[in-house]
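Working notes, beginning with the structure itself.
The values are calculated or read from the model by the stated rules, or taken from the named source; none is laboratory data. Here the structure is a predicted model, which is why all the values come from computation and not from measurement. Here the Cβ is made from the backbone with ideal geometry for all residues, glycine too, and neighbour counts use every protein chain on show.
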Amino acid sequence: MERVSNKVSSARGVCKRLLKACPGSVPLYLLLAEVEARHGTSQDTLNVLQEATSRHEQSAEIHLALAKCLLSQGDKESALGALVNCVEAFFNIEDSSEEHTPQRLYSKLLGQPLPLGYTAPPYADGLDHSTVRGEQLYLYLNYSLLLGLQGDNASSAEVYEAAICSLTSTRDVQTVWME
């Protein structure tokens, strides 16, 4: 309500107090980032989203918001880094093998085909299939954006189409269409 009535400093304060009480709330971080984006500086928005990604490493939605924020500032490389960090947070990657590319890791999470003989690293501690399914919408969007930023527009479109065909929630499909 504070945000709608243009009481920006009050809205910030309410969000920050609520985040102290509920630091696990992804929607609160996104709301605070939206307030900062509309009424603060781009650096304030970036700071909120960076804090959010450090607290919620496996929130694909927050990583997408961070990547979009970085892109709006013209920082394509950091946006790519945010999308890579997102997918890597879902796995225990012990070696620095080039075999575990972000494309393969996203494909593993999304049930996409993988090269024969490729063995994905194990999921990160405490992560299970239901957590991955809960992040599926934003994993698809992140993967599509990653491919687009890498210049692979055909694969990006394929991932986008796969998202539309794979998602079962009407709300999720609407979100994909809006992106």
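Go through region 115-139 residue by residue and tally those that are under 28 Å from residue 174 (Cα atoms) and surrounded by fewer than 16 Cβ atoms within 10 Å (Cβ to Cβ).
Start the filter on region 115-139 by keeping residues that are under 28 Å from residue 174 (Cα atoms), which leaves 127-139.
Filter again for surrounded by fewer than 16 Cβ atoms within 10 Å (Cβ to Cβ), leaving 128-131, 133-134.
The number of residues fulfilling the criteria is 6.
Residue 126 is checked against (1) touching a Gly at 6+ places or on another chain (Cβ under 9 Å); (2) at positive phi and fails just one. What number does that condition carry? Of the numbered conditions (1) touching a Gly at 6+ places or on another chain (Cβ under 9 Å); (2) at positive phi, the odd one out for residue 126 is (1).
Would you be able to say whether some residue in region 117-130 is without any contact (Cβ under 8 Å) to a residue 40 or more places away in the chain, in a helix (DSSP H, G or I) and under 14 Å from the mean Cα position of the chain (by Cα)? Give the derivation first.
Residues of region 117-130 that are without any contact (Cβ under 8 Å) to a residue 40 or more places away in the chain, as a first pass: 117-123, 125-126, 128-130.
So of that shortlist, the ones also in a helix (DSSP H, G or I) come out as 129-130.
Narrowing further to those that are under 14 Å from the mean Cα position of the chain (by Cα): none.
Checked region 117-130: no residue is without any contact (Cβ under 8 Å) to a residue 40 or more places away in the chain, in a helix (DSSP H, G or I) and under 14 Å from the mean Cα position of the chain (by Cα).
Return a yes/no flag: does region 88-106 have any residue that is part of a helix (DSSP H, G or I), within 19 Å of the chain's Cα centre (by Cα) and among the charged types (D, E, K, R). Break it down into steps so the answer makes sense when it comes.
So in region 88-106, the residues part of a helix (DSSP H, G or I) come out as 88, 102-106.
Now narrow it down to the ones that are within 19 Å of the chain's Cα centre (by Cα): 88, 102-106.
From what's left, among the charged types (D, E, K, R): 88, 104.
Among the residues of region 88-106, at least one is part of a helix (DSSP H, G or I), within 19 Å of the chain's Cα centre (by Cα) and among the charged types (D, E, K, R), which makes the answer yes.
Can you name the residue in region 7-21 that is in contact with a helix residue (DSSP H, G or I) (Cβ under 8 Å, 6 or more places away or on another chain) and more than 20 Å from residue 53 (Cβ to Cβ) and is also modelled with the lowest pLDDT among such residues? First the steps, then the outcome.
First, pick out the residues of region 7-21 that are in contact with a helix residue (DSSP H, G or I) (Cβ under 8 Å, 6 or more places away or on another chain): 8, 11-12, 15-16, 18-19.
Retained after the next criterion (residues that are more than 20 Å from residue 53 (Cβ to Cβ)): 8, 11.
Numbers: 8: 68, 11: 80.
Checked region 7-21; the qualifying residue modelled with the lowest pLDDT is 8.
The single residue among 30, 80, 66 that is over 21 Å from residue 106 (Cα atoms), of a type outside the set (Phe, Trp, Tyr) and touching a residue at least 12 places away in the same chain (Cβ under 8 Å) turns out to be 30. Residues of region 131-152 being part of a helix (DSSP H, G or I) and among the small types (Gly, Ala, Ser), which ones? 134, 144, 148 - these are the residues of region 131-152 that are part of a helix (DSSP H, G or I) and among the small types (Gly, Ala, Ser).
Being closer than 22 Å to residue 98 by Cβ, surrounded by fewer than 17 Cβ atoms within 10 Å (Cβ to Cβ) and touching a helix residue (DSSP H, G or I) at 6+ places or on another chain (Cβ under 8 Å) is the filter here, so list the residues in region 150-169 that pass it.
150, 155
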